[in-house]
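Just so it is clear, none of the values below were taken in a lab; they were calculated from the coordinates. In this text the structure is predicted, and so the values were computed from the model without any measurement. A quick note on method: Cβ atoms are made from the backbone with ideal geometry, for glycine too, and the neighbour counts reach across all protein chains shown.
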């Protein structure tokens, strides 16, 4: 007779789950034992449950299948929360299996007891505690289907005395519904949107919801001669070989996005929930296409809503759009974009500091002659595989990836782009690498993020995951430092006293490479990417590198000036 735990593992295996992430412990011992005896599912032990949740979320985003993580009673489950919140906000289908005290002790304030159904109520689309083995088959299906259909987190709690219980011999293995048919738009909405679009010059703002509609997005842009602002999450699938693309908006962006927004009459938003309201243009007619009606208008007022799948909606819209021969806005925005990219490339020259402009800039904001992060990101982009998976920590590491790594070929991109958590890049890379050990996985790690979950470097070694961890080691919480400087505050509490991360990596059995000279970056990146096992590349980068927003304000300029003055005065005391 199968046990509750064995049936659960069989259901996951039938769905295509190949790994379960977590830390072993008491209440879930029957589940880990079932995994141990399974020939289809592997236990991926981590040093911190948060890392396991991030890894499972990464797998869910890359495959569309359930990512699975586990946390045992109390603290073990609590540690999952941050990674699960990232999955929630990334719309990733994740199943968290959580332990609980034995049923007779529930509600008695027993050792380590927490109320999981209450604890996970906000993060999960489904929560349930199994109180009898007869409930299990139905609850497994409900949990899996909720996560898959609502693209969110489901939490199934197993009390310590339930997992090992027997089930009737003929109990069927639960199955999940994976079909997600595209939502078609209403014809009237499409017609109204087309009429509005035909009235003036158009700029497109395109996001991750349009990744699977690349051909349709490009066809609409071509028909309208429209410049296209691509969000960070839209880079994958939409950025490469795109003659209409003008980069990102927001702090990651460039002036070309402002040119495109300011010059249009109509803003056409497709598959994006871009959150930064201050970067939207004002006084424009706005058309928004999104599969989720609740997303429409929540960031910026919308005049015409089209609720539907991006590909299906654009297919319906395209025949109704009038072709535009005026390419002046597109040409102006593209010219601005190419000029900006050319200027950015100067910073990727290892000899930049020794040239006239570089010498002046070095004295102002790189007196210690640290490596420019732009150089590091550019070299990684050039040498990385065309099918690499990139992960990036929240903060300045994302800025350099956004600006210098092109999502060409079949590259994929993961990050904590909605939750904005620290410490996500390394564990997401572990999850991605576990899916395919032959595929190159490159993590852009901030030094603050990496050190937060530093113990899980050991996980890469233990499971022989050949991840490439590129550490932008600037000795500071760079984005927080920038935020403080923008409002005129001298950075406080942002400095990090870091170890030699490469030496730490070597101490645990991982290849470690440390770079302090810009002329060594090229060879070091090549060594890291071609090494057969896990590598940590520790690059000492400039902590004062400034990422200027597309339209810097006078207040921001004064803020930087005041902050730098305060820093100088404080360092002179």
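Key figures
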read-out: Distance histogram in 5 Å bins (all Cα pairs of the range 187-338, percent per bin); value: 2, 11, 22, 27, 24, 12, 3, 0
read-out: Relative contact order %, the range 4-159, counting alpha carbon pairs below 8 Å whose residues are six or more apart; value: 23 percent
read-out: For a label point 7 Å along the Cα-to-beta-carbon line of residue 37, residues of the range 1-18 with backbone N under 12 Å; value: 1-7
read-out: All Cα pairs of the range 309-411, percent lying beyond 23 Å; value: 52 percent
read-out: Proxy reagent accessibility, fewest Cβ within 10 Å first, across 10, 109; value: 109, 10
read-out: Cubic angstrom per residue, convex hull over Cα atoms of the range 283-343; value: 148 Å³
read-out: For the chain, calculated [θ]222 nm from helices alone, where every DSSP H run of n ≥ 4 adds -39500 (n - 2.57); value: -11500 deg cm²/dmol
read-out: Stretch gain in nm, segment residue 303-residue 18, where the contour uses 0.36 nm per residue and the Cα spacing is subtracted; value: 98.0 nm
read-out: Nitroxide proxy distance, nm - points 7 Å out along Cα→Cβ at residue 335 and residue 141; value: 6.4 nm
read-out: Exposure proxy ranking, count of Cβ atoms within 10 Å, fewest first, for 436, 86; value: 436, 86
read-out: Gained length - residue 527 relative to residue 199, 0.36 nm times residue gap less alpha-carbon distance; value: 112.6 nm
read-out: Calculated FRET value between residue 492 and residue 408, using beta carbons and R₀ = 41 Å, to 0.05; value: 0.50
read-out: The range 181-265: Rg to Rh, with Rh as the Kirkwood radius over Cα pairs; value: 0.97
read-out: Cα long-axis angle, helix 425-435 against the chain (0 to 90 degrees, to the nearest 10); value: 60 degrees
read-out: Cβ-derived FRET efficiency at R0 22 Å, residue 1 paired with residue 132, nearest 0.05; value: 0.90
read-out: Options (1) 1.00; (2) 1.18; (3) 1.39 - which one matches Rg/Rh (Cα atoms, Kirkwood Rh) as calculated here; value: (1)
read-out: Three-way shape call for the range 1-73 based on the alpha-carbon gyration tensor, with the a/c threshold at 1.5; value: oblate
read-out: The chain: relative contact order in percent, alpha carbon pairs under 8 Å with at least 6 residues between; value: 12 percent
read-out: For the range 4-159, projected area of the alpha-carbon convex hull averaged over all directions, nm²; value: 7.7 nm²
read-out: Helix 328-346 vs. the chain, principal-axis angle (Cα, 0 to 90°, nearest 10); value: 80 degrees
read-out: Shape parameters for the range 107-172, alpha-carbon atoms, Rg then Dmax in Å; value: 13.2, 37
read-out: Relative packing of peptides 175-181, 241-247, 284-290 - highest average C-beta neighbours within 10 Å first; value: 284-290, 241-247, 175-181
read-out: Value of relative contact order over the range 131-242, rounded to a whole percent, pairs C-alpha under 8 Å and six or more apart; value: 21 percent
read-out: Residues 390, 110, 404, 472, sorted so that the one with the fewest Cβ neighbours within 10 Å comes first; value: 110, 404, 390, 472
read-out: Inter-site label distance for residue 386 and residue 480 at 7 Å from Cα along Cβ, in nm; value: 4.2 nm
read-out: Pairwise FRET efficiency - residue 115 versus residue 503, Cβ, R0 = 41 Å, nearest 0.05; value: 0.40
read-out: Residues in the range 81-97 that a label on residue 418 would reach, taking backbone N under 19 Å of a point 7 Å out along Cα→Cβ; value: 81-96
